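Colleague: Encoded as C-alpha cells, here's the structure I'll be asking about.
The values are calculated or read from the model by the stated rules, or taken from the named source; none is laboratory data. None of these values were measured; they are calculated from a predicted model. Here the Cβ positions follow ideal geometry from the backbone for every residue, glycine too, while neighbour counts run over all protein chains shown.
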Amino acid sequence: MATVKISLSFVSLSPSSSSSTQSKLSPSFIPNAAPSPAKLRFNGKCLRAKPMVHRASRSGGITCSATSSPMTLPSALLFDCDGVLVDTEKDGHRISFNDTFKERELDVTWDVELYGELLKIGGGKERMTAYFNKVGWPEKAPKDEAERKEFIAGLHKQKTELFMVLIEKKLLPLRPGVAKLVDQALTNGVKVAVCSTSNEKAVSAIVSCLLGPERAEKIKIFAGDVVLKKKPDPAIYNLAAETLGVDPSKCVVVEDSAIGLAAAKAAGMTCIVTKSGYTADEDFENADAVFDCIGDPPEERFDLAFCGSLLQKHHEIAKAMKRFFKPIEKEGSTAAKKPCLSPEKREGDGDGVEEEKNQKEPSKFVTWNANSFLLRVKNDWSQFSKFVSDFDPDVIAVQEVRMPAAGGKGKPKNPEELSDDTKVLREEKQILTRALSSPPFGNYRVWWSLADSKYAGTALLVKKCFKPKKVYFNLDKLASKHEPDGRVILAEFETFRLLNTYSPNNGWKEEENSFQRRRKWDKRIVEFLNKTSDKPLIWCGDLNVSHEEIDVSHPEFFATAKLNGYVPPNKEDCGQPGFTPSERRRFGETMKEGMLVDAYRYLHKEQDMESGFSWSGNPIGKYRGKRMRIDYFLVSEQLKDRIVSCKMHGRGIELEGFYGSDHCPVTLELSKPSSETEQNQVSN
C-alpha cells in the first residue's frame, strides 16, 4: 500500500513569538482519513486554515496544500454542551449534585476525582443509577425498581434547578471562542445545534443566558431524553442530522470527551475536540483535530474556515482513495454491487449504491399490530428494538399506529405526515421521530397512512436499500388518495407487491359501521386482487378474521359469543367478530379468488396452543387465555415454494413476546429466486 503524506498550510494571526503559556496550550491536529494516519503537531496560537486541496503525488501519496479556491463550509456545526460551551462539570454539575444529596440527607459526596470517573457514563440520571448500583442505594431510597426510577428522576430535577441558579447568575462563563464560532456559522448560513446528554432545561438555559436570546432563537437543541440511547451511541447526532435535513458527512462536531467523540464518529461526522478540565488525558486518537479550546483573538485556536478545511480534506482524500483502490475488472465482466446499507439520501447525495442483483428485493418481513405505536415506543421499545435487531427484517408493516394526521384548523389533512398542531402532538411526534432515528430503525424509510384522530392508521418501514417503485395508500392505486382511517399501504417492488392492511373489525350488529362496513371491505379486496393479478402479492397485517377452528384457542367460546345478549338476525353473523361463519366463508373465497396461500398454515398444519395465535385477550377478565390468529402473511401461489419460515412470536397467555400490544409480531422469510429466469417468471 502506498504511503500517504499529508501536509497542512496555515496562517498564524498571532505574533510569531509565543510565551511559555502559549506553548503549553499548543494544539495538536490528528488527520485520520488515511489508511495509516500520520500525526502532526502544530505549534502556534492560531490555526486559521485556508481551504485545502489534495493532489495525488507521483509517488502515489497525497499532498495537502493551501489554495485560493472558494471556501468549503459545513452544512451544520454541532456543539456538545458541558465542557464545550461551558466548563460546567467540576464547579457546576458536580456541586449541584452534591448540594442535592445534602438537601436530601443522603450522606453522599462526589469528590473531583470520583466525578471524573462517573463522567464516563452519559447522562445524569444514568450516572446516579450506576453509582448507587455499585456502592449501594441510600437507606431513604425505595426498594422497588420502578419507584427507584422516580426517586432518581426527582433527584435529577432538583439538581437541575440548583444548576440553573448558577447559570442564571452567570457564575459559569462561556469557554473562549464559543460565541465567535457560533456567530461565524450563523452569519454564513451554517446551521447550529447543541447535542447534549444533559437535561434539556439546563442546556436551554446555558444557550439562552450565556449566548443570548438572539442567538438562542437560531440554535436547535437536542438534549436530555430526546433519544433512547445516550453517547457514545450516535443516536443524538443521527437525530440532529435527520431533523436539520443535512448530510452527516457535511457536519462538524465540537466535543470534549472520548464518549462524545465516539458518538460523532459513529454518526459519520467530522469531530474537533476541545479538551476540558476532566477530559485532558482521554484518548482522542480518532479525532480530526484536538485543541485546548476554540479561543478568541489573539489567542484563537481555530475558526469556521478551519472546520471547512477539514471537510474538504476528507472529501479530497476519499476521492483519491477511491481512485487509488479502484478494482480492475476483467474485460466483459460485471462487478457485483453490495447492498446499500447507508442512510436515506439527503442533500447533496448521489444516486446511492445499487443492491446486489440477487438481493434487490426484500425477503424478510414483519407485521405487527402495535395497538398504539406511541405507547409501544414509550414503554416497550427496547424489547421490540432487540427483536428487530435479531430478526433484521427488510420490511416492517405496522397497524393501529393511532397517531393523527397533520393538518387542521382550516388546513387540509395530510395522512402521510404526523400531526404537530399542538404542543402535546409536537412532543409525541418528536418521541416517535427520535425512536425511528435510533438503531436499528434509522436504516429504514417510513411511510404513514393516518386517520384524522388517534384511531387506526398504518405504517410501513422499508430498508433504504430496497426502494419501492411506487407506494399507494388505497386499494384503487390512485396517487393521492388514502383509505378512510389510513387502513392501507401498498408498496410495489420489481417482482411483487406488498399490501399492508388494518382490516376493519366486523363488529356485533347489522349496522353501517359494523357488518355492512366489513362486507364492503371484503368485496373491495376481491376487486383489488382481480385487478392486480399481473404480479405476485404478499398481503400482510391485522386481517381481523380467524379462518379455521384451529386458528382460535376456544372455538365454542368464540362461536357463541354475544354482546349484551344481542342475536343478529342472520345466523351466519353470530359469534365473536372475526370468527363468524360469514366472515370465515368470505375469507376463504377471497383467498381462492386471489390464488393466495396462508404462509403460516402452509408450514404449520397442526394447532399450536403455545405459539400458534397472534392475538390474546386481556389477562384479566373473561377473555383471559382466549386467543385468535388474525394477523397473516398471505402470498400468491407463485411464491409458496419460496416460503422458508412464517412464525408467531408470542407465547402463552401472559402476552410474552407481545411487546405491550395485544398482538404479537408475525414474521415471514422467503428464499431468494434460484435464478434470474425464475425471478422473471415470477414477475411475469
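Colleague: Taking only segment 583-623 into account, find how many residues are crowded, with 18+ Cβ neighbours inside 10 Å, small (G, A, S) and outside any strand (DSSP E or B).
Modeller: Qualifying residue count, segment 583-623: 5.
Colleague: Report yes if L639 is aliphatic (A, V, I, L, M) and buried (at least 20 other Cβ atoms within 10 Å of the Cβ), otherwise no.
Modeller: Working: aliphatic (A, V, I, L, M): yes; buried (at least 20 other Cβ atoms within 10 Å of the Cβ): yes.
When the stated conditions are applied, L639 passes them.
Colleague: Out of everything in segment 86-108 that is hydrophobic (A, V, I, L, M, F, W, C) and over 18 Å from T274 (Cβ atoms), what residue ends up being modelled with the lowest pLDDT? Show your work before the answer.
Modeller: Here is the first cut: in segment 86-108, the ones hydrophobic (A, V, I, L, M, F, W, C) are 86, 95, 97, 101, 106, 108.
Checking the rest, the ones that are also over 18 Å from T274 (Cβ atoms) come to 95, 97, 101, 106, 108.
Numbers: I95: 88, F97: 91, F101: 93, L106: 92, V108: 91.
Checking each candidate, the answer is I95.
Colleague: Still on this structure, I have one more. Please go through segment 624-676 and pick out each residue that is part of a loop (DSSP other than H, G, I, E, B) and within 23 Å of K592 (Cα to Cα). Give the derivation first.
Modeller: Of segment 624-676, the ones part of a loop (DSSP other than H, G, I, E, B) are 624-626, 629-630, 649-650, 652-655, 657-662, 664-665, 671-675.
Passing the criteria: R629, I630.
Colleague: Those residues that are over 31 Å from the mean Cα position of the chain (by Cα), basic (K, R) and under 23 Å from L171 (Cβ atoms), I need them from segment 88-141; list them, please.
Modeller: Result: K90, R94, K102, R104.
Colleague: Sort through K647, K622, K640 and tell me the only one that's closer than 27 Å to S385 by Cβ and not hydrophobic (A, V, I, L, M, F, W, C).
Modeller: Working: K622 fails: closer than 27 Å to S385 by Cβ; K640 fails: closer than 27 Å to S385 by Cβ.
The conditions single out K647.
Colleague: Looking only at residues in segment 414-469 that are β-branched (V, I, T) and over 26 Å from K230 (Cα atoms), which one is modelled with the lowest pLDDT? Quick ask: steps written out before the conclusion?
Modeller: Kept after step one, since they are β-branched (V, I, T), are these residues of segment 414-469: 422, 424, 431, 433, 446, 458, 462.
Pick out the ones that are also over 26 Å from K230 (Cα atoms) and you get 422, 458.
Numbers: T422: 87, T458: 97.
Among residues in segment 414-469 that are β-branched (V, I, T) and over 26 Å from K230 (Cα atoms), the one modelled with the lowest pLDDT is T422.
Colleague: Mind counting the residues in segment 393-421 that are in contact with a helix residue (DSSP H, G or I) (Cβ under 8 Å, 6 or more places away or on another chain), in a strand (DSSP E or B) and without any contact (Cβ under 8 Å) to a residue 60 or more places away in the chain?
Modeller: Number satisfying all stated conditions: 1.
Colleague: Return the pairs, sorted by first residue and then second, in which the second residue is surrounded by 21 or more Cβ atoms within 10 Å (Cβ to Cβ) and in a loop (DSSP other than H, G, I, E, B), the first residue lies in segment 577-597 and is at positive phi, the beta carbons are less than 8 Å apart, and the residues are 6+ apart or on different chains.
Modeller: G578/N506; G578/N544; G578/V545; G578/S546; G578/I630
Colleague: Here is a further query. Filter segment 458-515 for residues that are over 23 Å from N544 (Cα atoms) and small (G, A, S) and give the result.
Modeller: Taking segment 458-515 first, the residues over 23 Å from N544 (Cα atoms) are 462-471, 478-481, 492-496.
Hits for segment 458-515 are A479, S480.
Colleague: Give me the residue from segment 405-439 that is under 19 Å from the mean Cα position of the chain (by Cα) and surrounded by fewer than 15 Cβ atoms within 10 Å (Cβ to Cβ) and, out of that set, farthest from S453 (Cα to Cα).
Modeller: E427
Colleague: Which of the residues spanning segment 468-483 are charged (D, E, K, R) and crowded, with 17+ Cβ neighbours inside 10 Å?
Modeller: Just the residues of segment 468-483 that are charged (D, E, K, R), to begin with: 469-470, 476-477, 481, 483.
Once the filter is applied, which keeps residues that are charged (D, E, K, R) and crowded, with 17+ Cβ neighbours inside 10 Å, segment 468-483 yields only E483.
Colleague: Go through segment 82-100 and give me each residue that's in contact (Cβ under 8 Å) with a residue 40 or more places away in the chain and part of a helix (DSSP H, G or I). Spell out the reasoning first.
Modeller: Initially, segment 82-100 is screened for residues in contact (Cβ under 8 Å) with a residue 40 or more places away in the chain, giving 82-93, 95-97, 99-100.
Matches in segment 82-100: E89, K90, D91, G92, H93, I95, S96, F97, D99, T100.
Colleague: With (1) buried (at least 20 other Cβ atoms within 10 Å of the Cβ); (2) of a type outside the set (D, E); (3) under 17 Å from V253 (Cα atoms); (4) out of contact with any Phe, Trp or Tyr (no Cβ under 7 Å at 6 or more places or on another chain) as the list, and F163 as the residue in question, which single condition is left unmet?
Modeller: (3) is the only condition that F163 fails.
Colleague: Which one is modelled with the lowest pLDDT among residues in segment 470-514 that are closer than 22 Å to S636 by Cα and among the charged types (D, E, K, R)?
Modeller: Our first condition is that a residue be closer than 22 Å to S636 by Cα; within segment 470-514, this holds for 470-477, 487-503.
From what's left, among the charged types (D, E, K, R): 470, 476-477, 487, 492, 494, 497.
Numbers: K470: 94, D476: 89, K477: 83, R487: 96, E492: 95, E494: 93, R497: 96.
This residue is K477.
Colleague: If you don't mind, another one. Do any strands (runs of 3 or more DSSP E) lying entirely in segment 484-582 carry at least 3 residues that are over 35 Å from the mean Cα position of the chain (by Cα), in the same structural domain as K592 (by TED's automatic domain parsing) and crowded, with 21+ Cβ neighbours inside 10 Å, and which ones are they? Spell out the reasoning first.
Modeller: Working: elements: 488-492, 497-502, 537-542.
Hits in segment 484-582: none.
Colleague: Which residue out of Y602, Y566, Y632 is at pLDDT below 95 and either touching a helix residue (DSSP H, G or I) at 6+ places or on another chain (Cβ under 9 Å) or more than 20 Å from F658 (Cα to Cα) (or both)? Walk me through it before giving the result.
Modeller: Working: Y602 fails: at pLDDT below 95; Y632 fails: at pLDDT below 95.
From the options Y602, Y566, Y632, the qualifying one is Y566.
Colleague: Can you run down the residue pairs with Cβ atoms below 8 Å, 6 or more apart or on separate chains, where the first is in segment 173-188 and in a loop (DSSP other than H, G, I, E, B) and the partner is among the β-branched types (V, I, T) and buried (at least 16 other Cβ atoms within 10 Å of the Cβ)?
Modeller: That search, which allows pairs on different chains as well, returns P173/V86; R175/V84; R175/V86; R175/T274; R175/I294; P176/I294; G177/I294.
Colleague: Considering only segment 110-156, state which residues are surrounded by fewer than 16 Cβ atoms within 10 Å (Cβ to Cβ), without any contact (Cβ under 8 Å) to a residue 40 or more places away in the chain and within 17 Å of A202 (Cβ to Cβ).
Modeller: A153, G154
Colleague: Exactly one condition in (1) buried (at least 19 other Cβ atoms within 10 Å of the Cβ); (2) under 27 Å from the mean Cα position of the chain (by Cα); (3) not in a helix (DSSP H, G or I) is not met by K220; state its number.
Modeller: That leaves (1) as the condition not met.
Colleague: Kindly provide the set of residues from segment 440-455 that are surrounded by 21 or more Cβ atoms within 10 Å (Cβ to Cβ) and part of a loop (DSSP other than H, G, I, E, B), ordered by number.
Modeller: Residues satisfying the conditions are L450, A451.
Colleague: Residues of segment 223-270 being surrounded by fewer than 24 Cβ atoms within 10 Å (Cβ to Cβ) and acidic (D, E), which ones?
Modeller: D225, D233, E242, D247
Colleague: May I pose another question? Which residues, counting only those in segment 609-623, are under 35 Å from the mean Cα position of the chain (by Cα) and either in contact (Cβ under 8 Å) with a residue 24 or more places away in the chain or not assigned by TED's automatic domain parsing to the domain that holds F557 (or both)?
Modeller: Just the residues of segment 609-623 that are under 35 Å from the mean Cα position of the chain (by Cα), to begin with: 610-620.
If the condition is that a residue be under 35 Å from the mean Cα position of the chain (by Cα) and either in contact (Cβ under 8 Å) with a residue 24 or more places away in the chain or not assigned by TED's automatic domain parsing to the domain that holds F557 (or both), then E610, S611, G612, F613, S614, W615, S616, G617, N618, P619 are the ones that fit.
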